[in-house]
Amino acid sequence: MKSAGFEKVTIIGHSMGGMVGLTYAGAFPNKVSRLVALDGVTNFPARRVKPADVRIADWVGDLDKFAQRKIHRYPSVADGAERILTRNPRLTREQAMHLATYGLKRNADGTYSWKFDPYLRTRAPYRLSLEDHMALWSRIQCPTLLVSGSESFLPDPGAAGVISHFKQAELVKIEGAGHWLHHDKPDEVLDVLKTFLGRAGPD
């Protein structure tokens, strides 16, 4: 925000990006004019948190595990696309090839690996508490849209009572979409975004 010289922005984020957007808008409410979290509510009021010693032990165990893990190598981009299709059968083959083309990097031996830091899979034990997240949500001043997929592995934010912690937020559920709803139902997601951004007021 500072380096680009932006005074106020609209933020649209997916998953972790949605969580970051919610956190930023709560910390700096005067900097965000509109906010969209695509399946980005990853903390829920009723979620149980493990004790601190268990969280730290799990984290250290994950670090050890990922330090020993070998990076998977694919012979071609098409092989990477096939892997994507096994993880998300809702995608077309063309979508999978697009994602693989931009999601893979070429190794020195000619194989391909994902542009991904495996250590991001570890859950750091020193995260914001549930109370912290709810306090941040309550500080968000801008119109907020929480979009979820009906087949996401994350809990339904509506059923979890998340909306009650926001000043002005609405929920939209995309039917037949999983966690990667913008890949599964791109046209429906774009329609929802256009409607929300078109009526949420000037930047």
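Readers should treat all values here as calculations from the given coordinates under stated rules, not as data from a laboratory. Note that the coordinates shown come from a computational prediction; the quantities given were computed from them, not determined experimentally. As a convention, Cβ positions derive from the backbone with ideal geometry for all residues, glycine included, and neighbour counts pool all protein chains shown.
Using only the Cα atoms of the stretch 52-121, construct the convex hull and provide its projected area averaged over every direction, in square nanometres to one decimal.
The number I arrive at for the stretch 52-121 is 5.9 nm².
Classify the stretch 1-136 as rounded, prolate or oblate from the Cα gyration tensor: take a ≥ b ≥ c as the square roots of its eigenvalues, call it rounded if a/c is under 1.5, otherwise prolate when a/b beats b/c and oblate if not.
oblate
Alpha carbons only, please: Rg and Dmax for the stretch 136-192, in angstrom.
Cα only, the stretch 136-192: 11.9, 32 Å (Rg, Dmax).
Report, in degrees rounded to the nearest 10, the 0 to 90 angle that the Cα long axis of helix 130-139 makes with the longest principal axis of the chain.
For 130-139 against the chain, the angle is about 50 degrees.
I'm checking a number: the convex hull volume of the Cα atoms of the stretch 49-203, normalised per residue, in Å³. What is it?
Numbers: hull volume 25.0 nm³, N = 155.
Normalising the Cα hull of the stretch 49-203 by residue number yields 162 Å³.
Per residue of the stretch 110-119, in order, report the coupling 6.51 cos²θ - 1.76 cosθ + 1.60 (Karplus, θ = phi - 60°) as ³J(HN,Hα) in whole Hz, putting x for Gly and Pro.
Per-residue couplings from phi come out as x, 7, 10, 9, 5, 7, 8, 8, x, 5 Hz.
In whole Hz, with x marking every Gly and Pro, tabulate ³J(HN,Hα) for the stretch 18-28 from phi via Karplus 6.51 cos²θ - 1.76 cosθ + 1.60, θ = phi - 60°.
With the stated coefficients, the stretch 18-28 comes to x, 4, 5, x, 5, 5, 5, 5, x, 7, 10 Hz.
Report, in degrees rounded to the nearest 10, the 0 to 90 angle that the Cα long axis of helix 77-87 makes with the longest principal axis of the chain.
On a 0 to 90 degree scale, this one is about 50.
Report ³J(HN,Hα) in whole Hz for each residue of the stretch 146-157, in order, from the Karplus equation J = 6.51 cos²θ - 1.76 cosθ + 1.60 where θ = phi - 60°; Gly and Pro get x.
Along the stretch 146-157, the couplings run 10, 10, 10, x, 5, 10, 5, 6, 7, x, 6, x Hz.
Filter LYS70/LYS173; LYS65/LYS185; LYS65/LYS105 down to the pairs with a C-alpha to C-alpha distance above 29 Å, please.
Where the Cα-Cα span goes over 29 Å, the pairs concerned are LYS70/LYS173; LYS65/LYS185.
If we count other beta carbons within 10 Å of each Cβ, what is the order of LEU190, LEU146, fewest first?
LEU190, LEU146
Just grab the label-to-label distance for ALA27 and GLU7, each label 7 Å out from Cα along the Cβ direction, in nm (one decimal).
2.3 nm
Using R₀ = 22 Å, calculate the FRET efficiency as 1/(1 + (r/R₀)^6) where r is the Cβ-Cβ separation of VAL20 and ARG47; round to 0.05.
0.75
Hey, which aspartates and glutamates would be in cross-link range of LYS8, C-alpha to C-alpha under 13 Å, not counting anything within fewer than 8 residues on its own chain?
ASP203
Using 0.36 nm per residue of separation minus the Cα-Cα distance, give me the extension gain between ASP132 and THR101 in nm, one decimal.
Fully extending the segment from ASP132 to THR101 adds 7.3 nm.
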